[in-house]
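The structure under discussion appears below in the form of structure tokens.
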There are 2 protein chains.
Amino acid sequence: MGRTRFRGGPEGPVTRRQLLSAVGITGGAGALYYAMGALGLTLTATAGSSAYHAPRQSELARGKRVVIIGAGIAGLACAYELRKAGYNCVLLEARARPGGRVWTVRDGTVETDLDGNKQVARFAPGQYMDAGATRISQNMVTLDYCRELGVPIQVFTTQNANCYYFAEGVGPLSGKAIRHRTGKADLYGYVAELLAKATSQGALDQYLTDQDQEMLLEFLSDWGDIDTTSDGKKEGGWKYSGSPRRGYVEPPGAGERSGRVGDPYPLSDLLRARLGFRFSDEFDYDEAMPLFQPIGGMDRIVRALVDAIGAHRITYEAPVRSIRTTGTGVEVVFDSPDGKPRRELADYCICTVPPQILKDIPANFSKAVREALRAPTPVSAGKMGLQYRRRWWEEDDRIYGGVTYTNLDLTLVEYPSWGYQGDRGIIHGYYNFNDEAERYGNMPPAERLTRALQQLERIHGAKVRTELESSFSVAWQKTRYSQGGWVSWQGGDPVGPREGDPQFARLLKPDGKVYFAGDYLSHLIGWQAGAFLSAREVVTDLHTRVLATG
Amino acid sequence: MGRTRFRGGPEGPVTRRQLLSAVGITGGAGALYYAMGALGLTLTATAGSSAYHAPRQSELARGKRVVIIGAGIAGLACAYELRKAGYNCVLLEARARPGGRVWTVRDGTVETDLDGNKQVARFAPGQYMDAGATRISQNMVTLDYCRELGVPIQVFTTQNANCYYFAEGVGPLSGKAIRHRTGKADLYGYVAELLAKATSQGALDQYLTDQDQEMLLEFLSDWGDIDTTSDGKKEGGWKYSGSPRRGYVEPPGAGERSGRVGDPYPLSDLLRARLGFRFSDEFDYDEAMPLFQPIGGMDRIVRALVDAIGAHRITYEAPVRSIRTTGTGVEVVFDSPDGKPRRELADYCICTVPPQILKDIPANFSKAVREALRAPTPVSAGKMGLQYRRRWWEEDDRIYGGVTYTNLDLTLVEYPSWGYQGDRGIIHGYYNFNDEAERYGNMPPAERLTRALQQLERIHGAKVRTELESSFSVAWQKTRYSQGGWVSWQGGDPVGPREGDPQFARLLKPDGKVYFAGDYLSHLIGWQAGAFLSAREVVTDLHTRVLATG
């Protein structure tokens, strides 16, 4: 392969390289890419992806050295894809481990944060905590990589009807742990009742035909489990008065135990508790169930990538000191593990360092790139793993995975979607963002634990303390070489770039021989899929350039 | 244990048996049970169940022989629980296998139905089809048995945002495979829009305070992803105009691929397609996500029960010919595997034969019991396993488990919640009930397959045919020793007994020395949990009687 010559027109044979170089110069990268396709040069179909074609083996690629800064998902994916074409890739990783924000904490994991807090994880054998990425949606390319790499997956449950809403300072429902199923049944029941009443009263006559109104009422009565009151009047006779969907006060069983349903909460109380604001999480494109995770921890993906690339290609504990495009390629200076600066010379560089860190690394980037790197701002995020000797959330609460939503600083409490019914397990006592994450992150780990247990106890009782074995927490904004959970291009929510954001656009193009990749250059920020897709874009660009210009 | 004597009042020691016998005679079973509890006699706490206490080891129990007819879940659970107290249990099973309607079909499974259709399953190694029970809700006692028996579990996905609604003859959306996420986003969007409009117009002023209306609007705008139109008028300015929640025409990716959302379907079309009638499945007490299944097939529960009971206690291929309470106990005549009738004499009998079959077995039951056994009517149910050489639903449709709803005779199409991203897999090409199940069940298996593929092709295209390796189907109403998927006490939906149904109540009590158990005597009909709970009731009653009367 790659050595085959293209037999051209009357002037005799030309090399593919000569041809593609000509096309690239006259028609640009797009024309070039299509020309390559026509020559059968680049297109290796990848399952599950219609848009991406991994670069094919090529003589040109084999002659090129690419230094990749960062062995997180973006960097590993770049190396993995470029290796398919034969590029000579090396990776420089500042940490002593690969994976970046894909970080599975196990017994013995040691981490010292930017404040100097040192933690050593003391988890039981087989127990682990995914301190960073935890889940993969069906639509995400990450699943395709799991398939391609042979990483087995299992369901990650986010929405669980048995999990709780817990809020304080919200009126009559303050301090009550309310099951998702209960809150949803009641609020949907009231929404159905109110819309049915309005419809019956003619309030929608200007919007809907009579026939549509009839069908709407039929739908609402099923969906909201509402009924007409005994007087059966057309005017507002609809009523939600509870439903088995909300759960039982006495569950149905055998014999005479037919089950007893409780009374619904008042609508006004439910609205004040704001629990309905979490329903939309369930429909979110990226968060709708089911989601997935590798069996054994998210770092199985990282390990599989490292194995595929070749572990010897990665230099660890090698933080980069400078990046310079030179006349002949790129020069990267980094600290070697022995403390002495070393230099890596390559034809190209792909830099996956987060922008909030990269902006301060000396480099001969253009002014525009420097400015662009300052645009995204880091988002704080924190998580705490709590190992319990007993899976009380399953045994006592009948919660098998999923998320409890709170308006406490905890924000989210996550129950593990693996190891069901085992001897012990690790819950995420909190998973929080922004102010809440900073409040926790500013404390030393022991204080974080004290505060988390105080808050958790209000939801789950004393067992959160009595059954505890160990804990480990991460504050991503305080974590060296990450300094944030992810970034926002808009200074807050939403985190993605505004349409046509010139700073975002600037970083999609290389600066000299340096390319930029990472989830921050995607529309899936904070997801591994964003990093994978960014890597694919950069790999395609770089390969196209190499094929065009040699 | 059991030999300890209760040291009573001034008359000196009495045996526990004497005491309990007296309590039982004067105060009935209820008083007796409490007396036993007070004596610490019966109470062995079982994880996850607050109401049930397994019978404790007892000398009285060890002297008793119990013949259990049927080695389905009810029968196995009775034996398993009675064995805890030391009862001498034997089981008679008409089939050559245990489990009843818990039936995991694997390569080599042979079944001949009541019409004489013989099928031999030809599945790949490791592949299987749960032809009967497939899933367990978090709330169900079945999970407690999984824990107690050491049966590992995994998630069973029912609701999947990427599955389809597919209907024909329903207007403009006929023959369109519409993703759950799309149908839900649109219909919720319109419901929110309409209720917001009605609220803004004052149609709810008589029901809600101004403050509640404000909070309701805020909830609706988040939940339905609706916005006020640019003119911002209070009168009806709310609008649903699509949402990323419905999915993308072009999905978001890296670089400039920000994603493009399509236009919503018209409300009128959605209402005509009736797809919203499936939303409530998600909130159903028993069906809300997440659900679970044993790793390796539902029969892992059956195997674990058999192992715990002792395989030698079960006689297979032993259909019962008669059941008689005698002066000293009970006599059960059954066909032995060699074809000769045999007789089993025992102190008590627990009969778990489905009522539609039991009613025709000669027995000296009371007239009331005979009548009661004729009350429930069987419900037809059918399922077809289709083994494919490629998991096209994952690779092409990005569907990892879950259910596609149709208004075709197929009713439900189920995608496997295990073996993700493997080489092959088995989908349930149909899972149907009542008329639809009968239509399929009345055909020989080859015709069922032809019809199912014709219908499936309309949803999924030609690959349902080209990638097929083998199939196996079950029609429960045609299945010997089941003759139905489950029963209905009301001749249709709902299937449970009406409150105070005297026929149902009659079967909760023994007839002479014969007790009745099965999911049909619970309020969880068609679920393993109903069978487990019925077994617990009967075991408790029987044990109480034995302790009372010796």
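The lone criterion from (1) farther than 27 Å from B:GLY183 by Cβ; (2) open to solvent by 50 Å² or more (accessible area, probe 1.4 Å); (3) in contact with a Lys or Arg (Cβ under 7 Å, 6 or more places away or on another chain) left unmet by A:ASP284 is number (1). Of everything in the range A:140-163, what is among the aliphatic types (A, V, I, L, M) and either out of contact with any strand residue (DSSP E or B) (no Cβ under 8 Å at 6 or more places or on another chain) or at pLDDT below 95 (or both)? Give them in sequence order. Matches in the range A:140-163: A:MET140, A:LEU149. Under the condition of being touching a residue at least 40 places away in the same chain (Cβ under 8 Å), in contact with a Pro (Cβ under 8 Å, 6 or more places away or on another chain) and within 26 Å of B:GLU447 (Cβ to Cβ), the residues counted in the range B:64-121 number 3. Being within 13 Å of chain A (Cβ to nearest Cβ), open to solvent by 10 Å² or more (accessible area, probe 1.4 Å) and at pLDDT below 95 is not true of B:GLN213. For the range B:198-227, the set of residues classified as of a type in the set (Gly, Ala, Ser), at negative phi and free of Cβ contacts under 8 Å to residues at least 12 places away in the same chain consists of B:ALA198, B:ALA203, listed by residue number. Filtered by the rule that a residue be of a type in the set (Phe, Trp, Tyr) and in contact with a Pro (Cβ under 8 Å, 6 or more places away or on another chain), the range A:402-456 gives a lone residue, A:TYR420.
Here's the yes/no breakdown for (1) surrounded by 24 or more Cβ atoms within 10 Å (Cβ to Cβ); (2) assigned to a helix (DSSP H, G or I); (3) aromatic (Phe, Trp, Tyr); (4) in contact with a Leu (Cβ under 9 Å, 6 or more places away or on another chain):
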{"position": "B:ALA96", "(1), (2), (3), (4)": "no, no, no, no"}
{"position": "B:GLY108", "(1), (2), (3), (4)": "no, no, no, no"}
{"position": "B:GLY116", "(1), (2), (3), (4)": "no, no, no, no"}
{"position": "B:GLN119", "(1), (2), (3), (4)": "no, no, no, no"}
{"position": "B:GLN159", "(1), (2), (3), (4)": "yes, no, no, no"}
{"position": "B:GLY169", "(1), (2), (3), (4)": "no, no, no, no"}
{"position": "B:GLY183", "(1), (2), (3), (4)": "no, yes, no, yes"}
{"position": "B:LEU194", "(1), (2), (3), (4)": "yes, yes, no, yes"}
{"position": "B:ALA203", "(1), (2), (3), (4)": "no, no, no, yes"}
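As for the range B:392-411, it holds at least one residue that is buried (at least 24 other Cβ atoms within 10 Å of the Cβ) and polar (S, T, N, Q). For the structure I just gave you, tell me whether B:TYR265 is assigned to a loop (DSSP other than H, G, I, E, B) and either surrounded by fewer than 17 Cβ atoms within 10 Å (Cβ to Cβ) or away from chain A (no Cβ under 13 Å) (or both). When the stated conditions are applied, B:TYR265 passes them. Filtered by the rule that a residue be in a loop (DSSP other than H, G, I, E, B) and surrounded by 21 or more Cβ atoms within 10 Å (Cβ to Cβ), the range B:421-439 gives a lone residue, B:GLN421. Only residues that are among the basic types (Lys, Arg) and surrounded by 15 or more Cβ atoms within 10 Å (Cβ to Cβ) were counted across the range A:323-342, and they come to 2. In the set A:GLY496, A:GLY492, A:GLY512, only one residue is at pLDDT below 95 and out of contact with any helix residue (DSSP H, G or I) (no Cβ under 7 Å at 6 or more places or on another chain); that residue is A:GLY492. Out of all the residues in the range A:394-410, is one or more within 27 Å of the chain's Cα centre (by Cα), among the charged types (D, E, K, R) and outside the structural domain of A:ARG458 (by TED's automatic domain parsing)? No, the range A:394-410 has no match at all.
Quick grid of which residues meet (1) farther than 30 Å from B:PRO152 by Cα; (2) open to solvent by 30 Å² or more (accessible area, probe 1.4 Å); (3) touching a residue at least 12 places away in the same chain (Cβ under 8 Å):
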{"residue": "B:THR229", "(1), (2), (3)": "yes, yes, no"}
{"residue": "B:LYS239", "(1), (2), (3)": "yes, yes, yes"}
{"residue": "B:VAL249", "(1), (2), (3)": "yes, yes, yes"}
{"residue": "B:GLY276", "(1), (2), (3)": "yes, no, yes"}
{"residue": "B:MET289", "(1), (2), (3)": "no, no, yes"}
{"residue": "B:MET298", "(1), (2), (3)": "no, no, yes"}
{"residue": "B:ARG321", "(1), (2), (3)": "yes, yes, yes"}
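State which residue is least open to solvent (accessible area, probe 1.4 Å) when the search covers only the range A:300-319 and only residues that are more than 14 Å from chain B (Cβ to nearest Cβ) and basic (Lys, Arg).
Top of the filtered list is A:ARG313.
Meeting the requirement of 1 or more residues that are modelled with pLDDT of 95 or more and closer than 24 Å to B:GLY422 by Cβ, no strands (runs of 3 or more DSSP E) wholly within the range A:44-92 can be named.
With surrounded by 19 or more Cβ atoms within 10 Å (Cβ to Cβ), away from chain A (no Cβ under 12 Å), more than 29 Å from B:SER322 (Cβ to Cβ) and under 19 Å from the mean Cα position of the chain (by Cα) as the only criterion, which of B:SER488, B:SER473, B:SER482 stands out? Testing whether each residue is surrounded by 19 or more Cβ atoms within 10 Å (Cβ to Cβ), away from chain A (no Cβ under 12 Å), more than 29 Å from B:SER322 (Cβ to Cβ) and under 19 Å from the mean Cα position of the chain (by Cα) leaves just B:SER473.
The values are calculated or read from the model by the stated rules, or taken from the named source; none is laboratory data. Note that the structure is a prediction, hence the values are computed from the model and not measured. All Cβ positions, even for glycine, are placed from backbone atoms using ideal geometry, and neighbour counts span all protein chains on display. Ligands, DNA and RNA are excluded from the accessible area calculation, which covers all protein heavy atoms including side chains. Shrake-Rupley method; radii C 1.70, N 1.55, O 1.52, S 1.80 Å.
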